[in-house]
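Structure first, then comments.
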Amino acid sequence: MAERFMTMEQVRGRVALSKTEIYRKIKVGAFPKPVPLGTQKVAFVESEVTAWMDDRLRARAEGEGAERRSQQGRDAVSARPDRANG
């Protein structure tokens, strides 16, 4: 089966991340690198984007980041102003 290219807009629609966040992830090696198609045009390989999504689903199933998210929630609750005295 031949590979298929996806535009940035197609990728954004598929992964629900902003263009800026995608490029941040690419920079740290946490998202597939784009393929240059011309001087001002890049595309992403669909199978690589799909594999990234599959990895994220596996990480969720394995509880990756769950403790960090729980701590963020506890921190947010403790930072709220006391509504009982207001």
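Tabulated values for the structure
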read-out	value
Hits among aspartates and glutamates - C-alpha to C-alpha of residue 41 under 15 Å, sequence gap 8 or more where chains match	9
Accessible area in square angstrom per residue, the chain, 1.4 angstrom probe	79
Whole-number percent relative contact order across the chain, with pairs defined as alpha carbons under 8 Å at least 6 apart	28
Positive-end residue, the chain charge dipole about Cα centroid, Cβ charges, pick of 78, 5, 53	78
Folded to 0 to 90 degrees: helix 46-61 orientation relative to the chain principal axis, Cα	20
With every protein chain in place, the chain: carbon and sulfur % of accessible area (1.4 Å)	52
Relative packing of peptides 58-67, 6-15, 37-46 - highest average C-beta neighbours within 10 Å first	6-15, 37-46, 58-67
Cα principal axis extents for the chain, largest first, Å	62, 30, 21
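The values are calculated or read from the model by the stated rules, or taken from the named source; none is laboratory data. This structure is a prediction, so every number in the text was calculated from the model and none was measured. Heads up, the Cβs are rebuilt from the backbone with ideal geometry, glycines too, and the neighbour counts pull from every protein chain shown. All accessible areas refer to the heavy atoms of the entire protein, side chains included, with ligands and DNA or RNA removed. Shrake-Rupley method; radii C 1.70, N 1.55, O 1.52, S 1.80 Å.
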